[in-house]
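> First, the structure itself, so that you have it in front of you.
The values are calculated or read from the model by the stated rules, or taken from the named source; none is laboratory data. The structure presented is a predicted model; accordingly, all values stated were derived computationally and were not measured. Glycine gets a Cβ as well: all are built from the backbone with ideal geometry, and neighbour counts include every protein chain shown.
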Amino acid sequence: MNYISTRGAGIGERHTFSDILLGGLAKDGGLYLPNEYPKVSADELARWRALPYADLAFEILRKFSDDIPDEDLRELTRRTYTAQVYCNVRDEENAAQITPLKTLGVEGGAPLSLLELSNGPTLAFKDMAMQLLGNLFEYTLAKHGQTLNILGATSGDTGSAAEYAMRGKKGIRVFMLSPHKKMSAFQTAQMYSLQDPNIFNIAVEGVFDDCQDIVKAVSNDHAYKAQQKIGTVNSINWARVVAQVVYYFKGYFAATKSNDERVSFTVPSGNFGNVCAGHIARMMGLPVEKLVVATNENDVLDEFFRTGIYRVRKSAETYHTSSPSMDISKASNFERFVFDLLGRDPQRVLQLFRDVEEKGGFDLQASGDFARVQEFGFVSGRSSHDDRVDTIRDVFEQYDTMIDTHTADGVKVAREHLQAGIPMIVLETAQPIKFGETIREALEREPERPAAFSGIEDLPQRFEVLANDAERVKAFVAERTR
């Protein structure tokens, strides 16, 4: 397996999974992808159906990481995906499944289900990849006697998932940027209450896209990045994306009885990383009918999949919503899909994303390329705050199931794309306690809270407020890595 940049740098060079694991952007500013997607045979699909989650993860990951010995990789996946780590389940009987499938009911002739992805230590789907990433980082650093300073950005869930995965890990420090006063109280407390000496929280005076732009600016300063040994855990990290591929296979097996069946997935999306993993699963051969992209009022992705126009928003145009982890107007992983959509033409991708930086976007309808989107099975939709409140209330009343605001975005849009006889799986993103204010508005009751998080908002918080300035952030990191 060799990895290439979406923008063409390093053609003819060898880049293994371990080579790109600790970094983020390629040296030309592009994103890494395998030179070709591995295919899953019918025999493999049949054999994998009965595997526990950890062993399924091993089988899928080994196709992308052939430079890691099988025995080491198997030990890593089995250490990561255990019922002890993913213990925050709503139904104890399903604890061993790691990602239980909860069927809500049949609507429009289609079974509608939630794939529970938030049973990990921070109650968000990001744990599914981040816990593995923490173990992979520690393994790789120890093997080479190296250290790593992780610089990341979060709109809510990535930060806490990264910090809980990396806390106490040898040779690793985490510097996490988040938009000041723009996360829920629970999300803020999860991150800022951590007192581990290798964890640094930076509240940036701006929105999430500002935080993300700072991380990219640092990644593009190659001298600084090398000197400070900067790595990333944001969704641009390839290992995170490929780790998320696993639960698409697991969800498919749970929703079907035969590999002749097809399913659709609806994915609440801001940065396109989660649904990009579904695209990769489909390219590998998973029988996926539709990939439904669900956005909130920050609808840059919905606009693209409806019109072919990709138009990023300025900070002032980014709404602060009740599904804040999706308050993103520049989807970092979208470039990976565009690379595939354009037949893997790096020169065209390079020009298009130059247009993003210089002109604010691009139009694939005008060029005729947008017609190919349907070949990849993508459709989309958006929701408003009122839609989320109505959906949370409806799902609770109909199915006695409490969902968070982002999952509500997903359910609302999923219902617009149901096909009779095709199971629709909505990827659940977080537990309701993370967004208590909207749950109280919708249901007039407190959200369910796992016992381990009782009183977390009252704990002392440790963070630093910095201006929206990449140079100031770079200085902050340098001061703490001497």
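> Between a residue in segment 468-482 that is in contact (Cβ under 8 Å) with a residue 40 or more places away in the chain and any residue that is of a type in the set (D, E), which pairs come within a Cβ distance under 8 Å, given they are 6 or more apart or on different chains?
Between residues of segment 468-482 that are in contact (Cβ under 8 Å) with a residue 40 or more places away in the chain and residues that are of a type in the set (D, E), the close pairs are N468/E205; N468/D210; A470/D213; K474/D221; F476/E464.
> Now for a separate question. If you check A475, A452, A467, which single one turns out to be farther than 30 Å from Q228 by Cα and either out of contact with any Phe, Trp or Tyr (no Cβ under 8 Å at 6 or more places or on another chain) or among the aliphatic types (A, V, I, L, M) (or both)?
Just a single option satisfies the conditions, and that option is A452.
> Filter segment 18-37 down to the residues that are in contact with a Lys or Arg (Cβ under 6 Å, 6 or more places away or on another chain) and acidic (D, E) and list them by number.
Across segment 18-37, the qualifying residue is only D28.
> Same structure, new question: Out of everything in segment 18-73 that is among the small types (G, A, S) and assigned to a helix (DSSP H, G or I), what residue ends up being modelled with the lowest pLDDT?
Restricting to residues being among the small types (G, A, S) and assigned to a helix (DSSP H, G or I), the top hit is S18.
> Within segment 390-447, work out how many residues are part of a strand (DSSP E or B) and β-branched (V, I, T).
From segment 390-447, those part of a strand (DSSP E or B) are 419, 422, 424-427, 430; that's our starting set.
In the following step, the residues that additionally are β-branched (V, I, T) were identified as 422, 425-426.
Qualifying residue count, segment 390-447: 3.
> Give me a count of the residues in segment 19-30 that are in contact (Cβ under 8 Å) with a residue 60 or more places away in the chain and either within 20 Å of the chain's Cα centre (by Cα) or buried (at least 18 other Cβ atoms within 10 Å of the Cβ) (or both).
Within segment 19-30, residues that are in contact (Cβ under 8 Å) with a residue 60 or more places away in the chain and either within 20 Å of the chain's Cα centre (by Cα) or buried (at least 18 other Cβ atoms within 10 Å of the Cβ) (or both) number 8.
> Can you give me the number of residues within segment 439-467 that are among the hydroxyl-bearing types (S, T, Y) and touching a residue at least 40 places away in the same chain (Cβ under 8 Å)?
Of the residues in segment 439-467, 0 are among the hydroxyl-bearing types (S, T, Y) and touching a residue at least 40 places away in the same chain (Cβ under 8 Å).
> Residues being hydroxyl-bearing (S, T, Y) and under 19 Å from the mean Cα position of the chain (by Cα): count how many of those fall in segment 178-217.
Of the residues in segment 178-217, 3 are hydroxyl-bearing (S, T, Y) and under 19 Å from the mean Cα position of the chain (by Cα).
Matching residues to (1) in contact (Cβ under 8 Å) with a residue 40 or more places away in the chain; (2) within 26 Å of R336 (Cα to Cα); (3) surrounded by fewer than 19 Cβ atoms within 10 Å (Cβ to Cβ):
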site: F17; (1), (2), (3): yes, yes, no
site: Y32; (1), (2), (3): yes, yes, no
site: R49; (1), (2), (3): yes, no, yes
site: P52; (1), (2), (3): yes, no, yes
site: R74; (1), (2), (3): no, no, yes
site: C87; (1), (2), (3): no, no, yes
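> Quick check on segment 365-382: of everything there that is of a type in the set (S, T, N, Q) and under 24 Å from the mean Cα position of the chain (by Cα), which residue is nearest to V288 (Cα to Cα)? Steps first, please.
At the first step, the residues of segment 365-382 found to be of a type in the set (S, T, N, Q) are 365, 367, 374, 380.
Checking the rest, the ones that are also under 24 Å from the mean Cα position of the chain (by Cα) come to 374, 380.
On the way: Q374: 13, S380: 15 Å.
Per the stated criteria, the residue is Q374.
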